[in-house]
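Here's the structure, in structure tokens; my notes come after.
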Amino acid sequence: MVRTEDDSWDITESVGATALGVAWSRAQEATSECPLFTDPYAQMFVDAAVERGWQLPPAYVVERIRSIGGYAASRTKFFDEFFIAAGANGIEQAVILAAGLDARAWRLPWVNRSVVYEIDQPKVLAFKADTLRAKNAEPATKYVRVPVDLRQDWPAALRDAGFDPSEPVAWAAEGLLPYLPAEGQDLLFERIHGLSAGGSRIAVESFGAGFFDEEYLASRREQLRQLREENGAGDDKDAFDVEHLWYIEDRTDVAEWLGDRGWEVTSVEAMDLMNRYGRCGSEDAENVAPRTVFVEAHRVCYSALS
Ligand code: SAM
């Protein structure tokens, strides 16, 4: 589980398995009392991974994912609405960074001529393609896989795949940033900015100082420890924790960075987003709403690309 500069993974390994965790959570949403969205593909991915020998995470991890289900559902809804609004405003290119098992290209009502590019590690996108092909699932619009690591020269791969930087684009970075080193995050946004024509939009789940605050992380670890205990998994200090896959480093504030470069930015904290969708009822809300901020920005300047 130790991260390295050039590590790679399949869907059931390391960072790849986090995409399965998210898919599992999306599949659960369908059976909730009042689902915020439906994603019939999520369960297909989980089943296909289980067929490959993947085991559902231990009960305490499942319990943790379940406890933040309202957050995960609100996050999915936020990005769904972002893409629908971008299409309604005439943006015909979408790039989903670290797409994992995101099925938006299959399940959203894309406007005519939209192209959805998905970037993720090659084995992750291959698993996704194999699973959907086996189910004869057809994308709802033109779909282009861009199998490349986001620490490599992905802009070249994206252009080679047909992306047109002179046209506006809608970018999404959901569930990605903690898996990139702080410097990698900076480079990612430099590149996005360089590829964004006027009129482009971006939506980001951002993880700032509040998220990486040592006290906050310690309280999160304590919650996991309690869950392990309650689920009879003992007090194993080496037990799985997704935190081991993150780069816990000081990071550039995404909203500020975009604002400084002429993007018009709006931000909403996780708790407020969950309130918006009626998913924040629990007394334990502090513990089930990670300290993330959802950033949406529009590039309003129509000058030449910088
Ligand atoms: N965005 C998807 C979603 O919300 O369902 C997946 C989120 S999952 C938590 C993290 C994803 O980031 C995985 O699919 C993983 O392969 C991808 N990822 C992380 N680091 C990456 C990198 N350096 N290059 C390409 N993909 C990466």
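Is region 91-101 home to any residue that is part of a helix (DSSP H, G or I), touching a residue at least 24 places away in the same chain (Cβ under 8 Å) and crowded, with 24+ Cβ neighbours inside 10 Å? Lay out the reasoning, then the answer.
Taking region 91-101 and keeping what is part of a helix (DSSP H, G or I), we get none.
The answer is no, given that none of the residues of region 91-101 is part of a helix (DSSP H, G or I), touching a residue at least 24 places away in the same chain (Cβ under 8 Å) and crowded, with 24+ Cβ neighbours inside 10 Å.
The condition (being over 29 Å from residue 247 (Cβ atoms) and either within 9 Å of the ligand (Cβ to nearest atom) or not aromatic (Phe, Trp, Tyr) (or both)) is satisfied by just one residue among 19, 59, 48: 48.
Pick from 90, 53, 100, 16: which is touching a Pro at 6+ places or on another chain (Cβ under 8 Å), small (Gly, Ala, Ser) and over 24 Å from residue 275 (Cβ atoms)? Talk me through it step by step, then tell me what you get.
Values: 53 fails: touching a Pro at 6+ places or on another chain (Cβ under 8 Å); 100 fails: touching a Pro at 6+ places or on another chain (Cβ under 8 Å); 16 fails: touching a Pro at 6+ places or on another chain (Cβ under 8 Å).
Sole residue among the options that is touching a Pro at 6+ places or on another chain (Cβ under 8 Å), small (Gly, Ala, Ser) and over 24 Å from residue 275 (Cβ atoms): 90.
Applying the condition of being more than 9 Å from the ligand (Cβ to nearest atom) and of a type in the set (S, T, N, Q) to region 102-126 and asking which residue is surrounded by the fewest Cβ atoms within 10 Å (Cβ to Cβ) yields 112. Condition first: outside any helix (DSSP H, G or I) and surrounded by fewer than 22 Cβ atoms within 10 Å (Cβ to Cβ). Can you find one or more residues in region 70-88 that meet it? Checking region 70-88: not a single residue is outside any helix (DSSP H, G or I) and surrounded by fewer than 22 Cβ atoms within 10 Å (Cβ to Cβ). Just so you know, in region 140-163 the residues that are in contact with a strand residue (DSSP E or B) (Cβ under 7 Å, 6 or more places away or on another chain) and assigned to a loop (DSSP other than H, G, I, E, B) include one that is surrounded by the fewest Cβ atoms within 10 Å (Cβ to Cβ), and it is 162.
Could you list all residues from region 73-116 that are closer than 18 Å to residue 159 by Cα and of a type in the set (Ser, Thr, Tyr)? Spell out the reasoning first.
Going residue by residue through region 73-116, those that are closer than 18 Å to residue 159 by Cα are 91-99, 113-116.
Once the filter is applied, which keeps residues that are closer than 18 Å to residue 159 by Cα and of a type in the set (Ser, Thr, Tyr), region 73-116 yields only 114.
Taking the conditions (1) within 16 Å of the ligand (Cβ to nearest atom); (2) over 17 Å from residue 121 (Cβ atoms) in turn, residue 152 satisfies each one other than (2). Which members of region 125-153 meet the condition of being over 20 Å from residue 20 (Cβ atoms) and more than 17 Å from the chain's Cα centre (by Cα)? Answer for region 125-153, where residues must be over 20 Å from residue 20 (Cβ atoms) and more than 17 Å from the chain's Cα centre (by Cα): 136, 138, 139, 140, 141, 142, 143, 144, 152, 153. Show the residue pairs meeting these rules: Cβ distance below 8 Å; 6+ apart or different chains; first residue within region 156-184 and under 30 Å from residue 292 (Cα atoms) and away from the ligand (no atom under 14 Å from the Cβ); second residue modelled with pLDDT under 95 and not in a strand (DSSP E or B). What qualifies is 165/305. Counting only helices (runs of 4 or more DSSP H) that sit wholly inside region 165-277, those with at least 3 residues that are over 20 Å from the mean Cα position of the chain (by Cα) and surrounded by 15 or more Cβ atoms within 10 Å (Cβ to Cβ) are 214-230. Residues in region 1-51 that are touching a Phe, Trp or Tyr at 6+ places or on another chain (Cβ under 9 Å), among the acidic types (Asp, Glu) and surrounded by fewer than 17 Cβ atoms within 10 Å (Cβ to Cβ): none.
Kindly indicate which of 167, 190, 174, 183 is closer than 27 Å to residue 40 by Cβ and at pLDDT 95 or above.
On the way: 167 fails: closer than 27 Å to residue 40 by Cβ; 190 fails: closer than 27 Å to residue 40 by Cβ; 183 fails: closer than 27 Å to residue 40 by Cβ.
It is 174.
The values are calculated or read from the model by the stated rules, or taken from the named source; none is laboratory data. Just so you know, these numbers come straight off a predicted model, no measurement behind them. Don't worry about glycine lacking a Cβ; one is built from the backbone with ideal geometry, like all the others, and counts go over all protein chains shown.
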